[in-house]
Amino acid sequence: MDDDKILVISCSGVGKAFGMASREAMYAVIEELRPEATDTLCLALLTMGDEEAKARVRSRPTITIDGCPKMCARANVEASGGNLAAGFRVVDTYRRVRELKPQSVAMPDEAGRQLARVLAEEVAAEVDRLHATGEDES
Amino acid sequence: MPSLPKKRVGLIACGGEELVEGTLSRVAIRLVLEKYRPEDTVTLCLPLFLAGEKGERAFARFYPTIAVDGCRKECARRATETFSAPVAGVVRVDTLLAEMGIALRPAWRRALDEDGWAVAERLAEAIAAQVDGIVGSRRGTQPVVMSAGPGEVMAVDAPCACATQVPVSRIDIAGQEMELIALMAIFDEFYRAGKRPGDGLGQALLEAVRIYNTIPDELLPATRAALEREYAEFCAGRSQA
């Protein structure tokens, strides 16, 4: 865990394909696209009010990625008093690339991977913007 | 009987995005939902307990629930018990895999390879065994739906409880606001059967409500009276509509 990184938190997406895509996008950002600048934490920890998790989302800019209209990631970050820098929704990206319709839920299929990649690029651009404007400074 | 979501075992995964065990918890319950016990299980995203509404928070009061946790923090169990009701069972992924002598691979956090899927299957079998213990299944742990192969088993229509919310109403009973599951469905059932206030329906309403709710003995008379009152209002609203 690095405490100078931007946090990218996805929904836990256990029931829907867009949830899976949200998580795949998050992993693409933190493991491939911007590993030096980003990290994640368990959304369930925020739900439970874990003090360490709350301190992290309050001290670091946090980007949420949500897979369904319930917006669990954003709602839990906001309920924790987090420093919400940006909130993404899979459906907004999907509307721009409707040919990429994910079907699988537990692990991404090819369409899910591609949709997540498009979304991950958008999140990475937001990470770059936060760096460029200095908004990622504690 | 009222039209309600089918009574199944609820599965809540911690889903921990930081941990390999979190990914395995999520995949394992999907396997149970879609492959091992599709007729007996339903799920709900854990963060919905906070982000959702009263229907989500009634989840564990309606479904006997198994928490599948990835680490010692046991977020799934604690969230369920904090926001809903005590769980019927717990599966700890980290301790179970340690007992099996299985070493985790960091890459499994994002994607499972063939070995990772095999681990998820073993976890799913353990969860299915707990499901059977709760529902008294006559089946073994063999899957009831065959998969196409690792990573290709996931259908999209396995039951997710956020789309079939447990219906909850709040009514005043002896000066206390109490949540009752399925109340409107029961009222609707009675209304469509032609039963109207004044027919001495209090006891029948109470018996129907007690199928889905635990009512303390000392509150039974007050609950019966509250149900008669609420049902009269329900019928008045229907007749005006």
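Annotation for the stretch B:1-97: trypsin sites (Lys or Arg not before Pro) lying in DSSP loop with at most 14 further Cβ atoms inside 10 Å of their Cβ are B:LYS6, B:LYS7, B:ARG72.
To the nearest 0.05, how large is the calculated FRET efficiency for B:GLN176 and A:GLU51 if R₀ is 35 Å and r is the Cβ-Cβ distance?
Working: r = 33 Å, r/R0 = 0.94.
That gives a FRET efficiency of 0.60.
With the convex hull drawn around the C-alpha atoms of the protein assembly as shown, the volume per residue stands at 169 Å³. When you work out D = kT/(6 pi eta Rh) for the stretch A:1-56 at 25 °C and 0.890 mPa s, using the Kirkwood radius from C-alpha pairs as Rh and the Stokes-Einstein form, the result is 207 µm²/s.
Run the dipole for the protein assembly as shown about the Cα centre, Lys and Arg Cβ at +1, Asp and Glu Cβ at -1, nothing else charged, and hand back the magnitude in debye, nearest 20. Walk me through the intermediate numbers first.
On the way: 47 positive and 57 negative charges, 240 e Å.
That gives a dipole near 1160 debye.
One way to sum up the overall shape of the stretch A:6-133 is the equivalent ellipsoid from its Cα gyration tensor, whose semi-axes run 22, 17, 12 Å, largest first. Label positions at A:VAL91 and B:GLU233, each projected 7 Å from the Cα along the C-beta direction, are separated by 3.2 nm.
With the simple model of a label 7 Å out from the Cα in the direction of the Cβ, A:ALA132 to B:ARG122 spans 4.9 nm. Entry for the stretch B:189-231 at q = 0.16, 0.24, 0.25 Å⁻¹: log10 I(q)/I(0) = -0.38, -0.81, -0.87, Debye formula applied to identical alpha-carbon scatterers, no solvent contribution. Counting only protein heavy atoms and a probe of 1.4 Å, the accessible surface of the protein assembly as shown is 49% carbon and sulfur. With 30 Å as the limit on Cα-Cα distance, the pairs of A:LYS70/B:LYS195; A:LYS101/B:LYS73; A:LYS70/B:LYS73; A:LYS5/B:LYS54; A:LYS5/A:LYS70; A:LYS16/B:LYS195 that go past it are A:LYS70/B:LYS195; A:LYS101/B:LYS73; A:LYS5/B:LYS54; A:LYS16/B:LYS195.
Based on the Kirkwood approach, the hydrodynamic radius assigned to the stretch B:52-105 is 12.0 Å, with every pair of different Cα atoms included.
The orientation-averaged projection of the convex hull spanning the C-alpha atoms of the stretch B:66-134 amounts to 5.1 square nanometres. The magnitude of the dipole of the stretch B:89-137, with charges of +1 and -1 set on the Cβ of Lys/Arg and Asp/Glu and taken from the Cα centre, is near 240 debye.
Averaging the sequence gap over all C-alpha pairs within less than 8 Å and six or more residues apart, then dividing by the number of residues, gives the stretch A:6-133 a relative contact order of 33 percent. Interface of B with A. Using a 1.4 Å probe and counting protein heavy atoms only, the two chains hide about 3200 Å² of accessible surface, both sides summed.
The values are calculated or read from the model by the stated rules, or taken from the named source; none is laboratory data. Computed from a predicted model, the values in this text were never measured in an experiment. No Cβ is skipped: glycine too gets one built from the backbone with ideal geometry, and neighbour counts run over all protein chains shown. Heavy atoms of the whole protein, side chains included, go into the accessibility calculation; ligands, DNA and RNA do not. Shrake-Rupley method; radii C 1.70, N 1.55, O 1.52, S 1.80 Å.
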